[in-house]
1. Taking a quarter of the surface of the convex hull around the Cα atoms of the stretch A:67-208, what do you get in nm²?
2. Relative to the longest principal Cα axis of chain A, at what angle does helix A:47-61 sit, 0 to 90 degrees, rounded to 10?
3. Let me know the mean shielding of B:50-63 by other chains, meaning the per-residue number of their Cβ atoms within 10 Å of its Cβ.
4. Could you work out the relative contact order of the stretch A:270-336? I mean the mean sequence separation of Cα pairs under 8 Å and 6+ apart, divided by the number of residues, in percent.
5. With +1 on the Cβ of every Lys and Arg and -1 on the Cβ of every Asp and Glu, and nothing else charged, how large is the dipole of the stretch B:80-210 about its Cα centre, in debye rounded to the nearest 20?
6. Once the Cα atoms of helix A:3-12 and of chain A are each reduced to a long axis, what angle between those two axes, in degrees from 0 to 90 to the nearest 10, is obtained?
7. For the stretch B:129-188, what ratio Rg/Rh do Cα atoms give with a Kirkwood hydrodynamic radius?
8. Of chain A, which part is the longest with no chymotrypsin sites (Phe, Trp or Tyr not before Pro) in a loop (DSSP not H, G, I, E, B) and with at most 13 other C-beta atoms within 10 angstrom?
Amino acid sequence: MNKKLQRIHSALSTPKTDDGRIYFHPILMMHASFQFGETYTNLMTNYKVLVEANMKCLELYDNDAVSVISDPYRETSAFGATVIFNGNNSPACEKLITCMDDVIRLKNPNIYQCERTLDRINGVHYFRQLLGNKFPIIGWIEGPLAEAADISGVSETLINIIIEPDLIKRLTQKCLTTGKDFALAQIVAGANIIGVGDAICSQISTEMYNEFCLPLHQELFDFIHQNGGLVKLHICGNITHLLPSLSKAGVDILDCDWMVDMGEAHRIMGPEVMMCGNLDPVSVILEGNREIIRNKFEEAKNSLPIENWILMGGCEIPMYTPINNIKYLREISLKK
Amino acid sequence: MNTSNLYDAILTGNLAMAIEITKQEITHNTDPQFIINEYMMKAMEEIGSRFEAGKAFVPELLMAARAMKGSLNLIKPLLNGKPNATTMGTIIIGTVKGDLHDIGKNLVASMLEGCGFTVINLGVDISSEKFVNAVKGNKASIVCMSALLTTTMPYMQTVIDALQEAGLRQNVKIMIGGAPVNKKFADKIGADGYSDNANAAVTLARTLIV
């Protein structure tokens, strides 16, 4: 095993790692709230609910990491946007940016003084109190382009990449600054891995990614490394066309959604990167029977070296996923 | 001015040029339906094909749709009441109640409009009552529903049941889409079709319109 991979494994290890089990890191948000008997809104707005719901899932599923991932609007709220919560539905968020003047006026917040960002920081701290030092805690931030889209609208951001590129570049720079602040705060609170969600990247070309995102990702990931954290990059959707560029970004763990060929992704990303994924959360984990789940698990397992693999659904585990399906995934990923 | 430049203007997402060329053609009394059929629809079909092949991405699709709409907005008033004005059919499209995701739905709406359908875009978080009223009020041929969450996609069944109860189900075809949606789900709820991208949605709509 190469030295970088050894370092990553060291951060991923738990008290149970030595028994040869495959790391299992399901993304749990709505499902965690449901299992805990709380609404998704309560999970998003109260760090104690978030942490305790995930701790209940840890008891149920014996997974190998916990995360404070919840929703995309923590930083957006800190920038001043109003977030509207609605029971178990996804939240809605006010747009703050409609023109360059809005970008110029936008001020980077103090993330310790904003309710929603402080709530997540407290969540990391609470996890660390409960779990002690030898368990991976994944902090979470929005990537710069995703945050730009959260603040100004997805369609607007994608059009402005073409018609107002300077606006996007100035805005993403400001988002990067807040992203760094938020990442550092979570590392200080006890997170040893920082998850970076930049879903919108799968919707743009390689050329656009190279121009608008890659330099920012490189800067952000270097910053996280300099402050002692590992980087887990999560881009929902098909990122196959971005893989050659992503291999230059400095990622430690790359999440792959179900439509990506994990073997090909591993070959492009190289032996120093952990690949995380990539069973279809809906058709396999939610709706599948044991045979389907087993077949897809074996397919993923056989596509890359075990030492480079973290088992996960391609994206969030759906709210009503049967407990037994997730338990089965854990069962078959324990080395006999 | 050569209207084939309109094809290029839409394909490359050049709104200003699309508007300028369309204005020139209106001044020269070019048949508006000809402009739609020969240039707008073909440009949208081409960008849709490129998107499906991974040679164009969402920004290019959005820009083409924007240019197409700029042109279409100038032509629409000329079509109203014309005996030879043709539409492939009226489609109601919306994201179901509880769900706020709209970019995929909006792309599908733009592609359908660019390819000759009349599209009524209801927006997001749409109740079954709104779908039913829209079908009644517009004599729609197709209803398109979008959902991006496993928690909201069951509402598609609610909409289908509401259309059935209103006596409208036999008059419309139902198409569904969205990340967690698949053919198995479409068959289970009694939808007439499912598509996983905007270009495929146009192809499906064309086959469903009889």
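The values are calculated or read from the model by the stated rules, or taken from the named source; none is laboratory data. Model, not experiment: these values are computed from the prediction. Neighbour counts run over all protein chains shown; Cβ positions are idealised from the backbone, glycine included. Accessible surface is based on the protein model in full, side chains and every heavy atom, while ligands, DNA and RNA are left aside. Shrake-Rupley method; radii C 1.70, N 1.55, O 1.52, S 1.80 Å.
1. Its average projected convex-hull area is 9.0 nm².
2. For helix A:47-61, the angle is close to 20 degrees.
3. Counting other chains' Cβ atoms within 10 Å and averaging over B:50-63 gives 4.
4. 47 percent.
5. 300
6. Once rounded, the angle reads 80 degrees.
7. Dividing the radius of gyration by the Kirkwood radius yields 0.96.
8. A:113-319
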